[in-house]
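The structure appears right after this line, and notes come after that.
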Amino acid sequence: MLRTILHRAVSAAILIVIASVFSFMIIAAFPGNVAALIAEMRGGFVSHEVVAAVAEEYRLNDPLVLRYFHWLGEVLQGNLGSSLRTGESVAAAMAQRLEPTIVLVLGGSLVTLVMGVSLGFAGAMWPNGVIDQIIRAFAVFNVSLPKFFLAAMLIYIFGVQLQMLPTFGFRGPLSWILPCIAVGAVPGALLSRLIRVGLEEAMSKPYVITAKSKGFGRRRILFRDALPNIVPVFLTTFGMNIAFVTQSSLIIEPIFSWNGIGAYFVEAARFRDLPVLQSCLLMFSILFILVNLMVDLIVMMADPLQRRAKRA
Amino acid sequence: MIRTTHPAPPPLEVDGFSVTLHTPNVSVRPVDRVTYSVEAGEVLAVVGESGSGKTILNMAPLDLLPVGVDADMAGSVRFEGRDLLKMTASELEAVRGSGIGVVFQDPLSALNPVRKVGRQLTEGIERNLRLTPAQSESRAAELLALVGLPDPKSRMQQYPHELSGGQRQRVGIAMGISGEPRLLIADEPTTALDVTVQAQIVELLKDLQKRMGMAIVIITHDFGVVSGLADKVAVMYAGRLSELGSVRDVLVGPAHPYTRGLLQSVPSLTVPMDTKFVGLPGQPPNLAHRIDGCAFAPRCAEVRADCRGHRPGLLSVPRSSPGHLAACPVVVNQNI
Ligand SMILES: Nc1ncnc2c1ncn2[C@@H]1O[C@H](COP(=O)(O)OP(=O)(O)OP(=O)(O)O)[C@@H](O)[C@H]1O
Ligand SMILES: [Mg+2]
């Protein structure tokens with residue numbers, strides 16, 4: 001058990017190192033002359049001398065390995081460089097934009113969770129009932145939608161037609177509702193489908209017949225016998241959904257004019273603001289790896305077959 | 001006041017009971033117009049080759065068939081006078097566990113792999129005996145000790161995969177009797193156990209049956225279990241009863257050629273544990289096909305031309321006890 005945990009932690013650490021190398025390579029391996037590009041973005045006259053100065057500043061002429069460790073050292077001290085476009089510190093800008101993204105990721109995950117669990121259970125409780133049919137149609141419909149389409153529909157219905165909810169900007173809890181739904185609905189539909197299918201699978205097992213023979217009814221068996229069997233699948237999927245939600249922030253933040261990290265990333269990509277891109281990529285990768293590690297460990301703890309395999 | 005005393009209805013009366021299973025591909029009839037009864041405190045053994053319909057016969061009326069198997073039932077199966085086939089889902093729920101307890105054939109798949117053995121046992125006790133969790137816990141430990149599981153308290157903290165096959169089977173038995181049912185249906189409860197343990201389990205069931213006044217239907221492949229535990233035997237062949245009678249009549253004077261075939265090596269009433277049926281030559285018929293005439297005819301040494309004409313019902317065996325029935329006109333007529 002302890003060895004497995006250690007093993008997972010080490011693999012995660014290795015993955016983070018690999019992710020850092022890839023992030024680093026964004027600047028190092030950028031096609032074309034990076035120094036010229038940076039100099040150009042700073043404006044003014046781009047002479048050979050200016051380009052050379054930029055190359056010196058970014059240590060573009062040093063050996064790659066040396067540059068990597070220098071960069072890593074800076075990152076570890078919290079220095080992510082400065083934006084080519086605005087000149088402001090990337091770390092400070094990210095800190096400033098963290099709040100909307102955290103709200104979006106947590107709120108979106110909450111929507112995913114509530115939707116997935118409640119609909120999934122309702123479907124399993126009354127198989128082929130009205131709710132089950134609706135979920136099934138909804139899941140298929142929802143999954144095949146582009147992310148922005150749902151957001152656009154939400155904006156149109158609740159913002160434009162009903163004028164119930166704000167659709168623009170990050171301005172208090174009311175303004176959080178639509179973006180969180182826009183982000184969480186698709187993975188929520190997926191999760192509900194998964195829970196529904198997992199529960200149905202579990203409900204076809206012989207141990208369910210045993211539970212029935214003790215006199216228990218369907219609802220009780222669903223919770224006591226089927227539910228524990230889908231916990232690993234559920235946690236894994238939910239973990240993946242967090243990553244999915246995070247990734248959706250790239251699309252959803254700009255749509256709702258939220259100044260989060262997702263919007264920051266999109267902006268940076270548009271303007272080829274390399275240090276910002278690099279930092280966002282690094283942050284997203286680390287978040288992704290850590291969430292996965294956490295889910296893996298929780299799944300392991302929750303699964304008695306794995307938890308006690310060594311002891312038996 | 002005048003009080004008329006009705007005799008209490010027997011625990012189990014099966015009357016003209018048929019089951020047709022519908023699967024996506026085929027429809028089969030693994031139980032065909034079966035009739036028998038089990039009196040209070042009586043033990044009935046159901047024997048027969050694999051696939052003869054023993055499990056379906058006993059599980060279908062309780063709605064305990066595997067998920068996805070769609071069963072049509074006809075006839076009646078009365079538990080203490082009430083027809084199980086006419087009960088609503090919630091009435092049936094109330095019967096299961098406390099009225100009728102079940103021990104399943106495969107003890108590994110019958111236990112939930114991700115729940116502790118103790119919880120799976122105590123939840124039924126809590127429900128059926130209406131005990132508190134603490135009381136149920138000590139009752140469960142008692143039961144596990146009773147079925148011969150050493151160190152019950154720590155076993156209860158384990159998961160099914162941490163127990164051996166025999167231990168799981170004992171847990172399954174403890175689970176079946178945990179609700180102190182008035183009728184116990186035990187589907188091959190001793191198969192995975194070694195001979196000494198089998199004998200212990202048979203003793204245990206006998207003891208429980210006496211103390212709790214429980215009636216038992218036990219499905220088995222083992223004539224040692226039949227002779228050690230049962231009062232009556234029902235022999236099943238291809239979905240029908242081919243012979244029915246007291247253990248004494250059937251083991252000592254088997255009438256049906258099929259029963260005789262099964263019993264070839266078992267000529268006496270006291271049979272040691274772990275005496276399995278001898279294998280009969282040939283195969284039982286495919287239940288998905290229509291069976292004309294006696295289903296056993298193709299494998300029968302005493303087959304006559306008219307055996308293939310119509311399928312015989314149960315007939316009283318001459319010069320035997322009144323309840324001794326066999327579905328073989330050839331033998332029955334010979335003996336008159
Ligand atoms: N899940 C199923 N799907 C379709 N048909 C089935 C199913 N289970 C049983 N049957 C049919 O019912 C017949 C009787 O099965 P049953 O399980 O009652 O046999 P059994 O006498 O209990 O055998 P065994 O001694 O092997 O347990 C089988 O021969 C088969 O044709
Ligand atoms: Mg069986």
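Taken together, the values in this text are just the output of simple stated rules run on the coordinates, not laboratory data. These numbers come from a predicted model, not from an experiment. Positions of Cβ are backbone-derived with ideal geometry, glycine not excepted, and every protein chain shown enters the neighbour counts.
Would you calculate, for chain A, the mean residue ellipticity at 222 nm contributed by helices, counting each DSSP H stretch of 4 or more residues as -39,500 (n - 2.57) and dividing by all residues, to the nearest 500?
Numbers: 14 runs with 232 residues, N = 312.
Value at 222 nm, helices only: -25000 deg cm²/dmol.
Please give the peptides A:242-249, B:25-32, A:55-62, B:309-316 ranked by average Cβ packing (other Cβ atoms within 10 Å per residue), highest first, as a rough proxy for protection. Please list the in-between numbers first.
Working: A:242-249: 21.2, B:25-32: 17.8, A:55-62: 14.0, B:309-316: 15.6.
Sorting A:242-249, B:25-32, A:55-62, B:309-316 by mean packing, highest first, produces A:242-249, B:25-32, B:309-316, A:55-62.
Work out the charge dipole of chain A with +1 on the Cβ of Lys and Arg and -1 on the Cβ of Asp and Glu about the Cα centre, then indicate which of A:Ala269, A:Ala91, A:Thr4 is farthest towards its positive end.
The Cα lying farthest towards the positive end belongs to A:Thr4.
Helix B:195-212 against the longest principal axis of chain B: what's the angle in degrees, Cα atoms only, rounded to the nearest 10?
Here the helix axis deviates by roughly 80 degrees.
When Cβ neighbours within 10 Å are restricted to other protein chains, what is their mean count per residue of peptide B:100-111?
Details: counts 2, 3, 5, 2, 5, 1, 1, 1, 2, 5, 8, 3.
Rounded to a whole number, the mean comes out at 3.
Helix-only estimate, please: 222 nm mean residue ellipticity of chain B, summing -39500 (n - 2.57) across DSSP H runs of length 4 or more and dividing by its residues, to the nearest 500.
Values: 11 runs with 102 residues, N = 336.
Result for chain B, helices only: -8500 deg cm²/dmol.
At a Cα cut-off below 22 Å, give the lysines reachable from B:Lys54, other chains included and same-chain residues fewer than 8 away excluded.
A:Lys205, A:Lys212, A:Lys214, B:Lys86, B:Lys206, B:Lys232, B:Lys276
Would you mind getting the Kirkwood hydrodynamic radius of the protein assembly as shown from its Cα pairs, rounded to one decimal in Å? Each step should come with its number before you reach the end.
Values: mean 1/r = 0.0331 Å⁻¹.
Taking every pair of different Cα atoms in the protein assembly as shown, averaging 1/r and inverting gives 30.2 Å.
Find which of A:Pro206, B:Tyr36, A:Leu60 sits farthest along the positive direction of the dipole of the protein assembly as shown, computed with +1 on the beta-carbon of Lys and Arg, -1 on that of Asp and Glu, about the Cα centre.
Positive-end residue among those listed: B:Tyr36.
Report the net charge of residues surrounding A:Asn79, where surrounding means a beta-carbon distance below 15 angstrom and charges are Lys +1, Arg +1, Asp -1, Glu -1.
Details: positive: A:Arg59, A:Arg67; negative: A:Glu57, A:Glu74, A:Glu88.
Net local charge, A:Asn79 excluded: -1.
Give, rounded to the nearest 20 debye, the magnitude of the charge dipole that the stretch A:2-77 has about its Cα centre when Lys and Arg contribute +1 at Cβ and Asp and Glu contribute -1 at Cβ. Write out the running numbers ahead of the final one.
Details: 5 positive and 6 negative charges, 108 e Å.
Computed about the Cα centre, the dipole is about 520 debye.
Quick one: net charge around A:Ala182, please, counting Lys, Arg +1 and Asp, Glu -1 for every other residue with C-beta under 13 Å from its C-beta. Please list the in-between numbers first.
On the way: positive: A:Lys147; negative: A:Glu253.
For residues surrounding A:Ala182, the net value is 0.
Could you give the DSSP H helices of chain A that reach 27 angstrom or more along their long axis (alpha carbon positions) and whose average Kyte-Doolittle hydropathy is no lower than -0.5? Could the numbers behind the result be given before it?
Details: long enough: A:2-28 (39 Å, 1.93); A:90-125 (50 Å, 1.49); A:173-203 (41 Å, 1.16); A:227-255 (39 Å, 1.23); A:274-302 (42 Å, 2.22).
Length and hydropathy pass: A:2-28, A:90-125, A:173-203, A:227-255, A:274-302.
Quick one: what Rg and Dmax do you get for the stretch B:31-134 from the alpha carbons, in Å?
Reported Rg and Dmax, both Å: 15.5, 46.
How big is the dipole moment of chain B about its Cα centre under a simple scheme where the beta carbon of each Lys and Arg is +1, that of each Asp and Glu is -1, and everything else is neutral? Debye, nearest 20, please. Can you show the working numbers first?
Working: 33 positive and 34 negative charges, 37 e Å.
Computed about the Cα centre, the dipole is about 180 debye.
Binning every alpha carbon pair distance of the stretch A:234-300 at 5 Å from zero, what are the percents per bin?
4, 18, 23, 21, 15, 10, 7, 2, 0
Counting trypsin sites (Lys or Arg not before Pro) as exposed when in a DSSP loop with at most 11 other beta carbons within 10 Å, what is the longest stretch of chain B free of them?
Working: sites that count: B:Arg3, B:Arg130, B:Arg290, B:Arg319.
Result for the longest clean stretch: B:131-289.
Considering only B:Ala215, B:Val226, B:Leu241, whose Cα is most displaced toward the positive end of the charge dipole of the stretch B:204-248, charges sitting on Cβ of Lys, Arg (+1) and Asp, Glu (-1)?
Working it through, the farthest residue towards the positive pole turns out to be B:Ala215.
If each of A:Gln133 and B:His22 carries a label point 7 Å out from its Cα toward its Cβ, how far apart are those two points in nm?
Here the modelled spin labels are 1.9 nm apart.
Convex hull over the Cα atoms of the stretch A:59-176, averaged projected area in nm²?
Numbers: hull surface 49.8 nm².
So the mean shadow area of the Cα hull is 12.4 nm².
Taking a ≥ b ≥ c as the square roots of the Cα gyration tensor eigenvalues, with a/c under 1.5 meaning rounded and otherwise prolate when a/b beats b/c, else oblate, which class fits chain A? Before the final figure, lay out the partial values.
Working: a/c = 3.48, a/b = 1.65, b/c = 2.11.
Verdict is oblate for chain A.
To the nearest 20 Debye, how big is the dipole of the protein assembly as shown about its Cα centre, given +1 on the beta carbon of each Lys and Arg and -1 on that of each Asp and Glu?
On the way: 58 positive and 51 negative charges, 165 e Å.
The dipole of the protein assembly as shown has a size of about 800 debye.
How large is the Rg to Rh ratio of the stretch A:61-127 when both quantities use alpha carbon positions and Rh follows Kirkwood?
Values: Rg = 21.4 Å, Rh = 15.8 Å.
My calculation of the ratio gives 1.35.
Take the Cα of B:Ala145, step 7 Å along the line toward its Cβ, and report every residue of the stretch B:86-122 whose backbone nitrogen sits under 15 Å from that point.
Answer for the stretch B:86-122: none.
Give me the tail of P(r) for chain B as a percent: Cα-Cα pairs with distance above 24 Å.
Details: 31756 of 56280 pairs.
In whole percent, the long-distance tail amounts to 56.
Excluding B:Gly253 itself, calculate the net charge of residues whose Cβ lies under 11 Å from the Cβ of B:Gly253, where each Lys or Arg counts +1 and each Asp or Glu counts -1.
Working: positive: B:Arg248, B:Arg260, B:Arg319; negative: B:Glu243, B:Asp249.
Residues near B:Gly253 contribute +1 overall.
How much of the DSSP beta bridge set in the protein assembly as shown is antiparallel, as a percent to the nearest 5? Present the calculation step by step, with values, prior to reporting the outcome.
Details: 30 of 48 bridges.
The antiparallel fraction comes to roughly 60 percent.
Any chance you could tell me what percent of the C-alpha pair distances in the stretch A:1-87 go past 22 Å? It would help to have the intermediate numbers written out before the result.
Working: 1479 of 3741 pairs.
Taking all Cα-Cα pairs of the stretch A:1-87, the fraction more than 22 Å apart is 40 percent.
Could you give the Stokes-Einstein D for the stretch A:96-271 in µm² per second, using the C-alpha Kirkwood radius, 25 °C, 0.890 mPa s? Intermediate results must be reported in sequence, preceding the final value.
Details: Rh = 17.3 Å.
D, rounded to a whole number, is 142 µm²/s.
Only bridges whose two residues both fall in chain B count here: according to DSSP, what percent of them are antiparallel, nearest 5?
So the antiparallel bridges amount to about 60 percent of the total.
What Kirkwood radius, in Å to one decimal, follows from the Cα pairs of the stretch A:184-312?
Details: mean 1/r = 0.0571 Å⁻¹.
The answer is 17.5 Å.
Can you list which of the chymotrypsin sites (Phe, Trp or Tyr not before Pro) found in the stretch A:14-54 are DSSP loop residues with at most 11 other C-beta atoms within 10 Å?
On the way: sites: A:Phe22, A:Phe24, A:Phe45; in loops: A:Phe45.
Filter output for the stretch A:14-54: A:Phe45.
Within 10 Å of each candidate Cβ there may be at most 13 other Cβ atoms; applying that plus a DSSP loop requirement, which chymotrypsin sites (Phe, Trp or Tyr not before Pro) in the stretch A:110-207 survive? Could you put the intermediate results ahead of the total?
Working: sites: A:Phe121, A:Phe138, A:Phe141, A:Phe148, A:Phe149, A:Tyr156, A:Phe158, A:Phe168, A:Phe170, A:Trp176, A:Tyr207; in loops: A:Phe168, A:Phe170.
The qualifying sites are A:Phe168.
To the nearest whole number, what is the average tally of beta carbon atoms from other chains within 10 Å of the beta carbons of peptide B:113-123?
Working: counts 7, 13, 7, 1, 0, 0, 1, 6, 1, 0, 7.
The shielding value for this peptide is 4.
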